[in-house]
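K.L.:
Before I ask anything, here is the structure I am working with.
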Amino acid sequence: MYRVWNFLTNYSLLLIIGAVTALFWANTNPETYHHFVEFVIWEDAPIGHMHHGHRTLTLHYLVNDLLMALFFAMAAKEVWEAVVLKEGSLRGKKAATPLFATAGGMFGPIGVYLGLAFFMGSDTYSAVANGWAIPTATDIAFSYLVGRIVFGAGHPAVRFLLLLAIADDAAGLIILAIFYPSGELAPEWLLISLAAAILVFVIFNWLPRRMDKGNENRPNSTWVRKNLHFVPYAVAGAISWYGFMRSGLHPALGLLPIVPAIPHADRAFGFFSEAESHLHDLLNVIEHALKHPVEVILFFFGLLNAGVEFSSIGDATWLVLAGLLIGKPLGILAFGWFAAVPLKLGIPQGMRIIDLVVIGCVAAIGFTVSLFVASVAFAPGDVQDAAKMGALFSFAAAIVSIVVGKLTRVQKAELAPAE
């Protein structure tokens, strides 16, 4: 139990505290809560009668659109390593069945969400349809935590769940970029982001390594690393974020083009692996440096986004919950079974097909990313609040997972002492 608590404090505790505080505050004194959320940090004063270009920076914008870019960059780092590195978990045949299951874990919730909304009538459907992506999300940290409780840390289903969650994150980032722009689309601004990524990669990554070819001392790469460290990538990140913001895509995704440009290790040990703390490539060093600041950012994300009044529970709440608690397990079971049996791609040794149902229940914890999608899918108001409540209630999936695990007689497998 100590290891579970240690993991919780490392990755999720501040987020939970922020969300619980927001719920309590919004339901006891909603006026002061909403005033806090929209607190104006900075406002440029209009010159004379010229109001064009007048901008306001609120606390909500600072956290959701600017600081959350660091959270999505860390998620993108894990996806990038899983896809391109030699030991990447999303490479080769071993990733085939989890990737099929990921697709099921997205199409299942979408089908349930939109299908139920359609049967509720055209007015309801029109009001909630844009939230179809909310139940597709899987909160990696919370799902991993619950997965360890249900299966035990050494069970192959936990690794399967992680592969699924990482792939789900990758798909979620794509969905956010394509289907939920933050404003009028102006894709030409993305050329700035692309140029920043290419230039910083060529000048500060590829070129020093090219100049060091054949020299084991690697003087140029060492000089760049020692004297410039992360600074060129921070500058490129700021430029890329600005490009995303002006392009109309959600600026929280603005650091994604820079992640592949940063020097990285030639192998990956896996998400949440202790071994990664011993890697000294710049990408891992930056991730380790950002870990605690991102925890604080997630606290404020929970505080600013989870403050929903219980009176706002509505159709969107139940649709999000149904998408997660019904659509996820059914989709993951159907697509995972199809990959494992008819397509003969198999499942990891020590796993049963019925375990896919339990994995689907665990993956139904949407929370962080579901909250984020709800905040961009709907304008502030009753529907957004109802959808957010569904994302918060997805914690019920943890209890459902434990119960379903008992019913399906999951044999817990703890790590061997040597590990």
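K.L.:
Write down, largest first, the equivalent ellipsoid semi-axes of the range 158-303 in whole Å, where each equals the square root of 5 times an eigenvalue of the alpha-carbon gyration tensor. Mind dumping the intermediate values first?
P.N.:
Numbers: eigenvalues 153, 99, 41 Å².
Over the Cα atoms of the range 158-303, the semi-axes work out to 28, 22, 14 Å.
K.L.:
Filter the DSSP H helices in the chain by two things, a Kyte-Doolittle mean of at least 0.0 and an axial alpha-carbon span of 18 angstrom or more, and list the hits by number. The partial results should precede the final answer.
P.N.:
Values: long enough: 13-28 (22 Å, 1.90); 68-84 (24 Å, 1.35); 96-119 (34 Å, 1.35); 156-179 (34 Å, 2.00); 231-247 (24 Å, 0.65); 282-305 (32 Å, 1.18).
Length and hydropathy pass: 13-28, 68-84, 96-119, 156-179, 231-247, 282-305.
K.L.:
Label ILE399 and LEU185 with points 7 Å out from Cα along Cα→Cβ: what is the distance between them in nm?
P.N.:
4.2
K.L.:
If you don't mind, another one. Sort the following peptides by mean Cβ neighbour count (other Cβ atoms within 10 Å, averaged over residues), highest first: 93-101, 255-263, 219-227. Provide the component values of the computation, followed by the final result.
P.N.:
Working: 93-101: 20.4, 255-263: 23.7, 219-227: 14.0.
Averaged packing, sorted descending, gives the order 255-263, 93-101, 219-227.
K.L.:
Would you grab the residues whose amide H sits under 5 Å from the one on PHE39? Only those 5+ places off in sequence or on another chain, please, with H modelled 1.01 Å from N.
P.N.:
Result for PHE39 returns LEU59, HIS60.
K.L.:
Arrange the peptides 134-142, 152-160 so that the one whose residues have, on average, the most other Cβ atoms within 10 Å appears first. Don't skip to the answer; put the middle values down first.
P.N.:
Values: 134-142: 28.7, 152-160: 19.3.
Ranking the peptides 134-142, 152-160 by packing returns 134-142, 152-160.
K.L.:
Name the residues whose placed amide hydrogens come within less than 5 Å of the amide hydrogen of GLY248, ignoring near sequence neighbours (fewer than 5 apart) on the same chain.
P.N.:
Residues meeting the criterion, in which the H sits 1.01 Å from N, are ALA186.
K.L.:
How much length would be gained if the chain were fully extended between VAL235 and LYS344, taking 0.36 nm per residue of separation minus their Cα-Cα distance, in nm to one decimal?
P.N.:
On the way: separation 109, 0.36 × 109 = 39.24 nm, distance 4.77 nm.
Gain on stretching VAL235 to LYS344: 34.5 nm.
K.L.:
Report the label-to-label distance for PHE107 and HIS35 in nanometres (one decimal), using points 7 Å from each Cα along the Cα→Cβ vector.
P.N.:
Result: 5.1 nm between the two label points.
K.L.:
Report the extension gain between LEU59 and LEU407 in nm, rounded to one decimal, defined as 0.36 nm multiplied by the number of residues separating them, less their alpha carbon distance. Kindly include the intermediate steps, with their values, before the conclusion.
P.N.:
Numbers: separation 348, 0.36 × 348 = 125.28 nm, distance 4.55 nm.
Gain in length upon complete extension: 120.7 nm.
K.L.:
Using only the alpha carbon atoms of the chain, find the Kirkwood hydrodynamic radius as the inverse mean reciprocal pair distance, in angstroms to one decimal.
P.N.:
22.5
K.L.:
Still on this structure: Anyone know which of GLY314, GLY350, GLY323 comes out most mobile in the 10 Å Cα GNM of the chain?
P.N.:
Highest fluctuation of the listed residues: GLY350.
K.L.:
If you don't mind, another one. Going through the cross-link list LYS94/LYS388; LYS94/LYS328; LYS328/LYS412; LYS77/LYS226; LYS388/LYS412, which pairs have a Cα-Cα distance over 27 Å in this structure? Walk me through the intermediate numbers first.
P.N.:
Working: LYS94/LYS388 35 Å; LYS94/LYS328 21 Å; LYS328/LYS412 22 Å; LYS77/LYS226 22 Å; LYS388/LYS412 33 Å.
Violating the 27 Å Cα-Cα cut-off are LYS94/LYS388; LYS388/LYS412.
K.L.:
Could you tell me the center-to-center distance, by alpha carbons, between the range 101-166 and the range 360-419 in angstrom?
P.N.:
Cα centroid to Cα centroid, the span is 8 Å.
K.L.:
Estimate the FRET efficiency between SER122 and SER311 by the formula 1/(1 + (r/R0)^6), using the beta-carbon distance for r and 25 Å for R0, to the nearest 0.05. Present the calculation step by step, with values, prior to reporting the outcome.
P.N.:
Working: r = 25 Å, r/R0 = 1.01.
Efficiency at R0 = 25 Å is approximately 0.50.
Any read-out appearing in this document is the output of simple, stated calculations on the displayed coordinates, not a laboratory observation. Just so it is clear, the model here is predicted, and its values are computed rather than measured. Reconstructed Cβ throughout: ideal geometry from the backbone, glycine too, with neighbour counts over all protein chains shown.
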